[in-house]
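Asker: Next up is a structure, given as C-alpha cells.
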Amino acid sequence: MKKLGAMGLLLLSLAALPCVAQAQQLAYTAKDVHLRAGPGRDYPVVAILPAGFEISVLGCLSSYSWCDVLAASSRGWVYAGNIYFPYQGSNVPVLTYGAQIGVAVLSFVLLDYWTHHYYDRPFYRQREQWVHRPRPPQQLHPGAPRPQPPQQVRPGTQRPQPAQPDRPSVQRPHPPQPVRPGVQRPQPPQKAGADGQRPQSPRQDGPRR
C-alpha cells in the first residue's frame with residue numbers, strides 16, 4: 001500500500017510538470033547583450049548572448065533595472081531594458097513592465113553569488129577586491145531625462161517689470177547738399193510789404209510825351 005501511495009504521488013507530480021512549464025513565461029534578448037557577473041555594466045562579462053536568445057528570468061532588482069537570468073548553462077545578470085517578455089499579445093521590456101508581469105524581486109550578494117556560479121572563473125580570485133570596491137554612482141536609465149523639481153513662486157517675491165514708455169521718433173535734419181558747379185542757387189524769398197503783398201519792381205517808362 002505504501003508503494004502504491006508513493007507511485008501515485010510521483011505520477012501526480014509528473015503530471016503537474018507540464019502545467020508549471022506552461023505557466024512559466026520565457027523571455028528573449030532584444031539584441032546582442034552581455035551576460036555579466038553582477039547587476040552593473042562594470043561587472044565582468046560571463047558570456048555574450050545573441051539577439052532573440054531564449055532565457056529564463058529568475059528575478060530582478062527592486063528597481064527592475066537588472067535581472068538574474070539563466071541562459072542555457074550560464075547564469076548571470078542582464079540589463080532589463082534588453083529583456084523582452086511576451087505579454088498580452090506583444091513583446092514588452094522588463095524594464096517597464098516588470099511589476100505588471102509579476103517578475104520576482106531579489107537582491108544580490110556578491111560572495112554568495114560568485115561562490116555558487118563562478119568559482120572556476122578567473123575573476124573569482126579578485127572577489128574580495130570586488131566586494132570592497134567603491135560603488136559607482138547610480139545612473140538613470142539611458143535616454144530618460146533627469147526629473148527637475150517644480151519651481152514654486154512665492155506670492156509677492158516677483159516684482160512686476162515697469163512698462164517701457166513709447167518714445168516718439170525723432171527725425172534728424174538732413175545735412176545741406178553741396179552746390180555743384182553749373183547749378184543755379186535758389187533765389188532768397190522777397191520780403192512782403194506792409195499790406196502783405198510783395199512789392200512790384202518799379203517800371204522804367206520812357207519819357208512821357
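The values are calculated or read from the model by the stated rules, or taken from the named source; none is laboratory data. These numbers were taken from a predicted model, which means no experiment stands behind them. Cβ: placed from backbone, ideal geometry, glycine included. Neighbour counts: every protein chain shown.
Asker: Could you give every pair whose Cβ atoms fall below 7 Å, whose first residue belongs to segment 55-75 and is at positive phi and hydroxyl-bearing (Ser, Thr, Tyr), and whose second residue is modelled with pLDDT of 95 or more and in a strand (DSSP E or B), counting only separations of at least 6 or pairs across chains?
Answerer: none
Asker: Next up: For segment 36-70, which residues satisfy the criterion of being among the aliphatic types (A, V, I, L, M), within 22 Å of Arg127 (Cβ to Cβ) and out of contact with any Ser or Thr (no Cβ under 8 Å at 6 or more places or on another chain)?
Answerer: Ala37, Val45, Leu58
Asker: Only residues that are among the β-branched types (Val, Ile, Thr) and either over 24 Å from the mean Cα position of the chain (by Cα) or in a helix (DSSP H, G or I) (or both): list them for segment 50-101, please.
Answerer: Ile55, Val57, Val69, Val94, Thr96, Ile101
Asker: Can Ser73 be described as closer than 28 Å to Arg127 by Cβ, surrounded by fewer than 19 Cβ atoms within 10 Å (Cβ to Cβ), among the hydroxyl-bearing types (Ser, Thr, Tyr) and modelled with pLDDT of 95 or more? Full working, then the answer.
Answerer: Values: closer than 28 Å to Arg127 by Cβ: yes; surrounded by fewer than 19 Cβ atoms within 10 Å (Cβ to Cβ): yes; among the hydroxyl-bearing types (Ser, Thr, Tyr): yes; modelled with pLDDT of 95 or more: no.
So Ser73 does not fit the description; no.
Asker: Please go through segment 76-88 and pick out each residue that is of a type in the set (S, T, N, Q) and crowded, with 19+ Cβ neighbours inside 10 Å.
Answerer: Answer for segment 76-88, where residues must be of a type in the set (S, T, N, Q) and crowded, with 19+ Cβ neighbours inside 10 Å: just Asn82.
Asker: Test Leu11 against the stated conditions and say whether it is modelled with pLDDT of 50 or more, hydrophobic (A, V, I, L, M, F, W, C) and either closer than 26 Å to Gln100 by Cβ or surrounded by 10 or more Cβ atoms within 10 Å (Cβ to Cβ) (or both).
Answerer: No; evaluated as a whole, the condition is false for this residue.
Asker: Among the candidates Val103, Val94, which residue alone is of a type outside the set (Asp, Glu) and at pLDDT 95 or above?
Answerer: Working: Val103 fails: at pLDDT 95 or above.
Result: Val94 is the single residue among Val103, Val94 that is of a type outside the set (Asp, Glu) and at pLDDT 95 or above.
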